[in-house]
Structure formats: C-alpha cells, structure tokens
Amino acid sequence: MFKDARILSILTVFIFIVSACNLPSSAATPTAGSNAVLTAAALTVQAQLTQSVPFSTPTLPLSVATNTPLSVPTLPAATLPPAASATPVCDQAQFVKDITIPDGSQISPGAAFTKTWRLRNAGACNWSGYTLVFDSGDLMGATSPQSIGTVSPGQEVDLSVNFTAPTSSGSFRSYWRIRNSSGVLIPVLGGTQGKSFFVDIKVSVVSSGFDLHTRAGDANWVSGASTLTFGGPETDANGFAMYRNNQKLEDNSSPGKILETHPQWVTDGAITGTYPAYKVVAGEHFKARIGFLLLSDGTCGAGNVRFQLNYREGSASGNLGQWTDTCDRVLKDIDVDLSSIAGRTVQFVLAVVANGSALQDQAIWVSPRVELTQ
C-alpha cells in the first residue's frame, strides 16, 4: 500500500513538471542541463513502475453451506390430570317403550283395558320395595300405588296398570311415576319432563240408538192377567199393545210413530213391555211424547194413568222416570238422561198403570227411543 502512495506522489510531481514546461515563459529555451533533469526524473518513474508488483486480490477459502440439524431440547411429557369419572346415580329409570295401548288408542266408553310400559333400571341401585304411583291426569279407576318387585341395575321390567275408560267422549291421559323405598320419586330418562310416563286414550261415543217403537214387537208384553201378544186386538180386556200410527191424538196431531199400551181393564190395571238387552252409551237419553188416543166421539176417554220408564239388569230392576198424565188435550214431552246406567247392559221396560178406575185408558207413546244427545 505504501508503494502505491509513492508511485502516486511521483506521478503528481511529474505531471506538475510537465505542466510547468508548457506554461508560457519569457525565459529562454531550456538548457541542456534542465532537460537532463527531466529525463532522469522520467526514467526514475518508469523504473519504479516497472518494479511495482501487480495488485493481487487475496483469495478467500470458499465456505460450503451445510444443513446442521437444530438441536431441540427434549422436554418432559406433559402429565395431564386424570379425567374425573361421573358419579353413578343410584336411583334412575329409563323409559324403553309402550307394550300395549299406543298413544291415542280408541277405547269404547266404560271399557276396561290394561296399559303396559317397559322401563329399565338405569341407576346403580337395586329396586327393592319400589312402587308404581299415580302422578297426575285422569286416574280412570286405576289402583295406586302398585308394587314393582326387585329389579337389578340394567334390568328391564314391564309395568302394567288396569284402567276403565270414562263413559264420556274425549281425550284422557294418566301420568305415572316410580317411587323408591324411602318415598322419593325417581327421575325417568326419556320420560315426560324426565320424570313420568303416561297412557293416552281417546274415548269415542258411538251410539247405535234403540228405537222402542220399532222394537215393540220384540218386547215381552204382560198384564196382571196374562202374557199378551203384540198387536191386539184392541178389544182384549186383558190389555193390549199395538201400533196406532198416523191416528188422531188428544192434541189433534197425527204423528207417524204411535204405540198404544192399554192397561188391563180393571181398577189399577197395568201393562208392561220388557225389551231386549241394550248397552247404554254415555250421553244417551230416552225421549218420547206421552198422552192419549182421540176417540171417535172426539174425546179421549177417562185418560188418567201413570207412565213409567223402568229397566232390568239381571235380577235387579230400577225406575228411570214416572209421569202422571190426564186427558188435557196436550201431549207431554219426556227427556230422560241415562247417565246413571251408562256403560251398562239393561232391558228397558215401558209400563202404564191405571189410576184407580177400570174405565179404558188408551195411553200412547209417540216415538219412544234412546238416542245420543251431545
């Protein structure tokens, strides 16, 4: 580096000398001595240039890139706390399915039926001394509580309850639960609100009706004297039962369905007609109009009797209504609610009893019938 600086200084002096020679001067032409000096200087510069060592760029060793694996410190495996296990539930049931009477089943009014549910002991404790108990809704004649018996955890059991359908139409539901031996009601997985299960039915009242006018020929007619043959004759002093359709009545009407039931021609004489058995449906009523037949002379005779609607059920009997009527030119309307015998199979009995006199009482029933009234 010092050699370079010296060469540069010599060149600078040389250039300065040359420049000075070229400047105008009033002096005389250089002498030989001065030229000799210049020549010697130039030769000295040339010699030094010749002796200079060319600049050599230092060679650096090549560095080869290598992929050195990164050393990662090994960390100890994380130790997680064990997951907390669920605490087993002692008392718990699970609803499995309905075995009988699917929801919304149609049940006849007053009919007996048995509902069965299948449940599983989904808890960790044995069911011993547990009971099936009514919770809410319609009891429908069932018994509560009912014993369940012993059921092990995981075991399934069928639980049955006997019911009697209401006699009226509508939808009915009965909710039930399981109670443990300590009197605590246990939860039911899959149950209603997680606690109960139920039976759901629909009672549809269907009435075939019973036309006592049309069926009069099937009834057993008797008086105090003997058994009577339906249809008369009207001159039978033992009494008679027969149709008087479209004939004039005490109110001057002529209805299409008239049944005359004339009592025996004696004081306090009577006549009864016992009909075939009929199962009464909830909501049914007995309806008719009662009065007297108009005679050919324009009167209705003595006309003083007691009309009765009775029934027989096996060996038992009962009265559903009684009406005293006289010939007053007016027919009396009858409407009897049969709720008291709904769901029961009975034989209706029409009866007419004379009030004292042995005179003829031409008592009539206009369109006697049993029909559904909602």
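The values are calculated or read from the model by the stated rules, or taken from the named source; none is laboratory data. Model, not experiment: these values are computed from the prediction. Virtual Cβ from ideal backbone geometry, glycine too; neighbours counted across all protein chains shown. Areas reflect the complete protein model, heavy atoms only, side chains present, ligands, DNA and RNA absent. Shrake-Rupley method; radii C 1.70, N 1.55, O 1.52, S 1.80 Å.
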Query raised in the report: Applying the selection to the range 276-286, what residues are at pLDDT 95 or above and surrounded by 22 or more Cβ atoms within 10 Å (Cβ to Cβ)?
Result: 286
**Report entry** Test result for residue 199, in a loop (DSSP other than H, G, I, E, B) and within 51 Å of the chain's Cα centre (by Cα)
**Finding:** no
Query raised in the report: For residue 288, are the conditions met, namely being touching a strand residue (DSSP E or B) at 6+ places or on another chain (Cβ under 6 Å) and within 26 Å of residue 224 (Cβ to Cβ)?
Result: yes
Query raised in the report: Where residues in the range 178-194 are part of a loop (DSSP other than H, G, I, E, B) and without any contact (Cβ under 8 Å) to a residue 60 or more places away in the chain, which of them is nearest to the chain's Cα centre (by Cα)?
Result: 193
Query raised in the report: Taking only pairs six or more apart or across chains, which ones have beta-carbon atoms under 7 Å, a first residue in the range 131-148 that is in a strand (DSSP E or B), and a second residue that is open to solvent by 60 Å² or more (accessible area, probe 1.4 Å) and of a type in the set (D, E, K, R)?
Result: 131/179; 133/179; 137/173
**Report entry** Filter result (among the charged types (D, E, K, R) and open to solvent by 60 Å² or more (accessible area, probe 1.4 Å)) within the range 314-364
**Finding:** 328, 329, 332, 333, 335, 337, 344
Report summary line: Among residues of the range 287-313 being among the hydrophobic types (A, V, I, L, M, F, W, C) and open to solvent by less than 20 Å² (accessible area, probe 1.4 Å), the residue nearest to residue 277 (Cα to Cα) is 309
Query raised in the report: Is it the case that the range 208-219 has a residue that's acidic (Asp, Glu) and modelled with pLDDT under 95?
Result: no
Requested in this report: Pull up the range 106-130, narrow it to residues that are assigned to a strand (DSSP E or B) and open to solvent by less than 50 Å² (accessible area, probe 1.4 Å), then point me to the one that is nearest to residue 190 (Cα to Cα).
Outcome: 119
Query raised in the report: With respect to residue 103, is the statement that it is under 30 Å from residue 338 (Cβ atoms), open to solvent by 50 Å² or more (accessible area, probe 1.4 Å), among the charged types (D, E, K, R) and out of contact with any helix residue (DSSP H, G or I) (no Cβ under 9 Å at 6 or more places or on another chain) true?
Result: no
Query raised in the report: Taking the range 159-177, which residues are among the small types (Gly, Ala, Ser), part of a strand (DSSP E or B) and buried (at least 20 other Cβ atoms within 10 Å of the Cβ)?
Result: 174
Requested in this report: Residues that are of a type in the set (A, V, I, L, M), free of Cβ contacts under 8 Å to residues at least 24 places away in the same chain and farther than 24 Å from residue 165 by Cα: find the strands (runs of 3 or more DSSP E) completely inside the range 268-347 holding 1 or more of those.
Outcome: 316-326
Query - Selection within the range 231-255 - under 58 Å from the mean Cα position of the chain (by Cα) and free of Cβ contacts under 8 Å to residues at least 40 places away in the same chain - result: 231, 241, 242, 243, 245, 246, 254
